Amino acid sequence: MKKSVSEILYLMYCKVRTFFVVPSARLVRFPLDVRGKRCIDFGKNLTTGYHCRLETYPLSASVENHNEKVLRFGSNVQINDFVHIAAAQKVEIGNNVLIASKVFISDICHGSYSEGSQSAPDIPPKARPLSAKPVIIHDDVWIGELVSVLPGVEVGKGAIIGANSVVTKSVPEYCIVAGNPAKVIKKYDFESKQWIKV
């Protein structure tokens, strides 16, 4: 499909502005909402869609004071429109990762709800202390539209996360997961070169 003159001009504007805002990126489409930029490593050749929101809230004062990176992108990552990524401890996104639109990835939670010290429901959610568990997304992962990846999740190399999935547990490498909560539905067999139902 042929682009209109206004589309071409807008992409040229984005390319020039990318050079000044995120010099290591391939193309950033604006508007882009970045909070805590000093704690983000944008990697190389990042491409973003429109209206993405990238934010860091380092829980450790030493991290904040030393500008340590709590959100890291690898090389050749593409995130599409309305992707929201929030990091307080560690969110790492590997090389050649493709993220569809309206995806939410976060290592942060308002309060703690697992074993040990837990947050009480009579405290307003905003007043509950933030807790965090690292999120790691390995190389060559494809994340479908409207997916949520929650704290403590590790997504293995070459995995695919189906649209509308809520990922609450780690995903093995070379698997397809889908659902709420996401479960493994297929695994790639390198011998037969086929995705096999599980």
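The values are calculated or read from the model by the stated rules, or taken from the named source; none is laboratory data. Remember, it's a predicted structure, so these values are computed and weren't measured experimentally. Neighbour counts run over all protein chains shown; Cβ positions are idealised from the backbone, glycine included. Surface accessibility is based on the protein's heavy atoms, side chains included, excluding ligands, DNA and RNA. Shrake-Rupley method; radii C 1.70, N 1.55, O 1.52, S 1.80 Å.
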Inset, instruction - List every residue pair whose Cβ atoms lie under 7 Å apart, where the two residues are 6 or more positions apart in sequence or sit on different chains, the first residue falls within the range 12-32 and is closer than 20 Å to V83 by Cβ, and the second residue, located anywhere, is among the small types (G, A, S) and in a loop (DSSP other than H, G, I, E, B). - result: T18/A25; S24/G43; R29/G49
Legend entry - All positions within the range 95-137 that are under 30 Å from A25 (Cα atoms) and of a type in the set (D, E): D107
Inset, instruction - Please indicate, with yes or no, whether at least one residue in the range 96-116 is in contact with a helix residue (DSSP H, G or I) (Cβ under 8 Å, 6 or more places away or on another chain) and open to solvent by 10 Å² or more (accessible area, probe 1.4 Å). - result: yes
Inset, instruction - Considering only the range 39-66, state which residues are modelled with pLDDT under 95 and either over 16 Å from the mean Cα position of the chain (by Cα) or surrounded by fewer than 17 Cβ atoms within 10 Å (Cβ to Cβ) (or both). - result: P58, L59, S60, A61, S62, V63, E64, N65, H66
Legend entry - Every residue from the range 1-29 that is part of a loop (DSSP other than H, G, I, E, B) and open to solvent by 70 Å² or more (accessible area, probe 1.4 Å): M1, K2, K3, P23, R26
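Looking for whichever is open to solvent by 70 Å² or more (accessible area, probe 1.4 Å), under 16 Å from K37 (Cα atoms) and of a type in the set (K, R) here; the options are K69, K126. Which one fits? Even if it seems obvious, please write down each step before you answer.
Details: K126 fails: under 16 Å from K37 (Cα atoms).
Sole residue among the options that is open to solvent by 70 Å² or more (accessible area, probe 1.4 Å), under 16 Å from K37 (Cα atoms) and of a type in the set (K, R): K69.
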Legend entry - the range 125-153 residues that are under 22 Å from N80 (Cβ atoms), paired with ones that are of a type in the set (S, T, N, Q) and not in a loop (DSSP other than H, G, I, E, B) (beta carbon under 7 Å, 6 or more apart): L150/S106
Legend entry - Condition met for I176 (more than 17 Å from Q78 (Cβ to Cβ), without any contact (Cβ under 8 Å) to a residue 24 or more places away in the chain, among the hydrophobic types (A, V, I, L, M, F, W, C) and not in a loop (DSSP other than H, G, I, E, B)): yes
Inset, instruction - Filter the range 140-173 down to residues that are under 22 Å from S75 (Cα atoms) and either in contact with a Pro (Cβ under 8 Å, 6 or more places away or on another chain) or open to solvent by 50 Å² or more (accessible area, probe 1.4 Å) (or both), then give me how many there are. - result: 9
